[in-house]
1. Can you name the residue in the range 32-42 that is over 9 Å from residue 97 (Cα atoms) and modelled with pLDDT of 95 or more and, of all such residues, is most open to solvent (accessible area, probe 1.4 Å)?
2. Kindly indicate whether any position in the range 87-102 is among the charged types (D, E, K, R) and closer than 17 Å to residue 67 by Cα.
3. Only one of 28, 23 is out of contact with any helix residue (DSSP H, G or I) (no Cβ under 9 Å at 6 or more places or on another chain), open to solvent by 30 Å² or more (accessible area, probe 1.4 Å) and assigned to a strand (DSSP E or B). Can you tell me which?
4. So if I check each of 78, 28, 91, 23, which one is over 10 Å from the mean Cα position of the chain (by Cα) and free of Cβ contacts under 8 Å to residues at least 12 places away in the same chain?
Amino acid sequence: EVNIVESGGGLVQAGGSLRLSCTVSGLTVDDYTIGWFRQAPGKEREGVSCIRRRDGIRASADAFLGRFTIATDNVESTTFLQMDRLQVEDTAVYYCAVIPGNVRPAQNLIALAAVWRYWGHGTRVTVSS
């Protein structure tokens, strides 16, 4: 059984930073890609960034370049989303998701939430003014 668990969310003041974590277990494949998504109240789920485990190839939506950064710790099987200069508009539930196999990270991949195979339950981020 595949298990995906996000953590690290919380309350932060605008301009501050948070580091989210995602752990993935139960996969029996040679490689997979991990993605971060978010969903604000009343809004559609949107892709943030993704990274392939085998070689660390990354892709991010243009809106997050320079402010959000994805990285993977292979030893601990953990993927991080470092979020800096947070804004009130960043308030959302942030989800970690997985696509098994050798799919190449790309902007069009994170733009299609329906493609992703496994999902965590999310971690809530609230940014106050």
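The values are calculated or read from the model by the stated rules, or taken from the named source; none is laboratory data. Just so it is clear, the model here is predicted, and its values are computed rather than measured. Neighbour counts are summed over all protein chains in view; Cβ atoms, including those assigned to glycine, are modelled from backbone coordinates with ideal geometry. All accessible areas refer to the heavy atoms of the entire protein, side chains included, with ligands and DNA or RNA removed. Shrake-Rupley method; radii C 1.70, N 1.55, O 1.52, S 1.80 Å.
1. Among those that are over 9 Å from residue 97 (Cα atoms) and modelled with pLDDT of 95 or more, it is 39.
2. Taking every residue of the range 87-102 in turn, at least one turns out to be among the charged types (D, E, K, R) and closer than 17 Å to residue 67 by Cα.
3. Of 28, 23, the one residue that is out of contact with any helix residue (DSSP H, G or I) (no Cβ under 9 Å at 6 or more places or on another chain), open to solvent by 30 Å² or more (accessible area, probe 1.4 Å) and assigned to a strand (DSSP E or B) is 23.
4. Testing whether each residue is over 10 Å from the mean Cα position of the chain (by Cα) and free of Cβ contacts under 8 Å to residues at least 12 places away in the same chain leaves just 28.
Residue-wise test of (1) basic (Lys, Arg); (2) open to solvent by less than 80 Å² (accessible area, probe 1.4 Å); (3) outside any helix (DSSP H, G or I).
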residue	(1), (2), (3)
54	yes, no, yes
72	no, yes, yes
82	no, yes, yes
85	yes, no, yes
103	no, yes, yes
108	no, no, no
114	no, no, no
